[in-house]
Each structure stands twice: as structure tokens, then as C-alpha cells.
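These notes concern the structure reproduced below.
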Amino acid sequence: MKTMTKLIIAAFAATLIPAAAMAQATDTKNQGYLVDNHGGSIVMSGTGLCWRDSDWTPARSAEPCDFSTKPVAIAAPVMPPVVIAMAPEQAIAKPLPQKFSFAGDALFAFDLAELKPEGRAMLDGLVTQLDGAHYETIVATGHTDRFGSNAYNHKLSERRAQAVKAYLVSRNVKASTIDAEGKGETQPITKAEDCKGAPSATTIACLQPDRRVDVEMIGTKTVVGSL
């Protein structure tokens, strides 16, 4: 009877040894972490956090607490903004307008060479055009209609051209760059068949384009722009 009892105790003890050894191995494996009371598994929060206790050391690090099992998102390198250098604006020399033609009746009273106020205002606009320009020559040319003698018309056209030059000089345009000349009735704009007849209000009005002062400029004006 005693022998039978010893055998039963020995068999029971043999069944307990593997379980104890397994529990001891589990405890050793997860040592340093808070574990549950049933399987010895590491207790984790809903977000995957583990709790270490005072026995934890780096040598006891265990997955998944101290080793990320999730793929690591690698941030793409931030490229510096690309700065496109714009070509600097450069000074460009552009040709000046070739010619301005002013109606003689707008600049002067009929048969006179003294500038009217509205005529001076028109020439002020021309001075504005010349601002910032490099002009080699400015030519003011006076013209008349066909009424009157050739000599008289030539003198009248010269006086009107000189009046225009004098006004431009008074507005700080260099006198050395301005030439004034008169062409009299030799360069009409109207055709002979357009304004026939003796002097009359109708004929004089018809010949108005011939009574003029042309201002022609030779040079360039510097402007800012891109080539």
C-alpha cells in the first residue's frame, strides 16, 4: 500500500514539473513588463502601449513593446523651392517717331508767325515726347498754301519754323540740335485739282493741310524693357 502511494505522488509530481518550468520560462521571457495572471502575456493598452516594471532592463526588451512591427513611414525629403532667375530688364534704344505734322492754323493765326496759346500747348506735348531721348537732329520745316508770291510764302514759312524752334529752346531743348527751314508753297499736300479757284473761305479751308509745320526727329529714345 505504501509503495502504491509513493508511485501516485511521484507521477503527480512529474506532471507538475513541466508546467512549473513553462511558467518560469514565461515569467523570465516577459520579465520587466506587466503580465496577466493567466498566460503570462504582456498586458497592452488598446493603442499598443506596454507597462514596464522595476525589473525591466534593455536586455529584456520584448516585442511588440520595444520593437516596432509596423512599417515605418519615411518622409520624402523636402526639396528647396526652385527659384527661376528672371532676366533683368535692360535699357533698350528705340527709334524716335519719324515726324510730327502740326497744322499751321492750329499753331498760328492766319498769315502770322506768332504762336497761339493752343499752339504752345501742342508743342509742350512734343517736348514730353523728347523727354529721355537722345536726339541728334530736330528739323522744323514750315510750309504755306499757294496763295501769295513765292518769296513771301518762303519768308512766312521760315518765320513759322523759327518760331517753333524758339519755343522748343525755351523748353530746354538744345538749340544746337534744332534746324529750322522754310519750304514755302513748294511741298503741298493737296493736289492742284482739289482746291481750285481764287482765294475764298471755301478754298482757304480746302488748302488748310498745306499750311503746316513738320517737326522731324533723328535719334533714339531709351526705354526699359526685356530683350
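Anything in the range 90-108 that is within 20 Å of Tyr135 (Cα to Cα), outside any strand (DSSP E or B) and modelled with pLDDT of 70 or more? List them, or say none.
Selection gives Gln98 alone.
For the range 186-200, enumerate the residues that are surrounded by 14 or more Cβ atoms within 10 Å (Cβ to Cβ) and more than 50 Å from the chain's Cα centre (by Cα).
If the condition is that a residue be surrounded by 14 or more Cβ atoms within 10 Å (Cβ to Cβ) and more than 50 Å from the chain's Cα centre (by Cα), then Cys195 is the only one that fits.
For the condition open to solvent by 30 Å² or more (accessible area, probe 1.4 Å) and touching a residue at least 40 places away in the same chain (Cβ under 8 Å), what is the one hit in Asp111, Asp131?
After applying the criteria, what remains is Asp111.
In this structure, is Thr203 surrounded by 14 or more Cβ atoms within 10 Å (Cβ to Cβ) and not in a loop (DSSP other than H, G, I, E, B)?
For Thr203, the condition - surrounded by 14 or more Cβ atoms within 10 Å (Cβ to Cβ) and not in a loop (DSSP other than H, G, I, E, B) - is met.
Suppose the filter is in contact with a Lys or Arg (Cβ under 8 Å, 6 or more places away or on another chain) and surrounded by 14 or more Cβ atoms within 10 Å (Cβ to Cβ); does Val139 pass it?
No, not satisfied.
Determine if the range 134-146 includes at least one residue that is under 30 Å from Cys206 (Cβ atoms), modelled with pLDDT of 75 or more, in a loop (DSSP other than H, G, I, E, B) and touching a strand residue (DSSP E or B) at 6+ places or on another chain (Cβ under 9 Å).
yes
When the residues of the range 152-185 are filtered to those that are more than 51 Å from the chain's Cα centre (by Cα) and touching a residue at least 24 places away in the same chain (Cβ under 8 Å), which remaining residue is most open to solvent (accessible area, probe 1.4 Å)?
Once the filter is applied, the top-ranked residue is Lys155.
Is it fair to say Glu216 is part of a strand (DSSP E or B) and open to solvent by less than 80 Å² (accessible area, probe 1.4 Å)?
yes
Checking Arg211 against (1) at pLDDT below 95; (2) more than 51 Å from the chain's Cα centre (by Cα); (3) surrounded by 20 or more Cβ atoms within 10 Å (Cβ to Cβ), which test does it fail?
(2) is the only condition that Arg211 fails.
Can you tell me which residues in the range 120-147 are over 18 Å from Ala109 (Cα atoms) and of a type in the set (Val, Ile, Thr)?
Result: Val127, Thr128, Thr137, Ile138, Val139.
The values are calculated or read from the model by the stated rules, or taken from the named source; none is laboratory data. As the structure is a computational prediction, the values presented were derived from the model and not from experiment. Neighbour counts run over all protein chains shown; Cβ positions are idealised from the backbone, glycine included. For the accessible areas, the whole protein counts, side chains as well, though only heavy atoms, and no ligand, DNA or RNA atoms are used. Shrake-Rupley method; radii C 1.70, N 1.55, O 1.52, S 1.80 Å.
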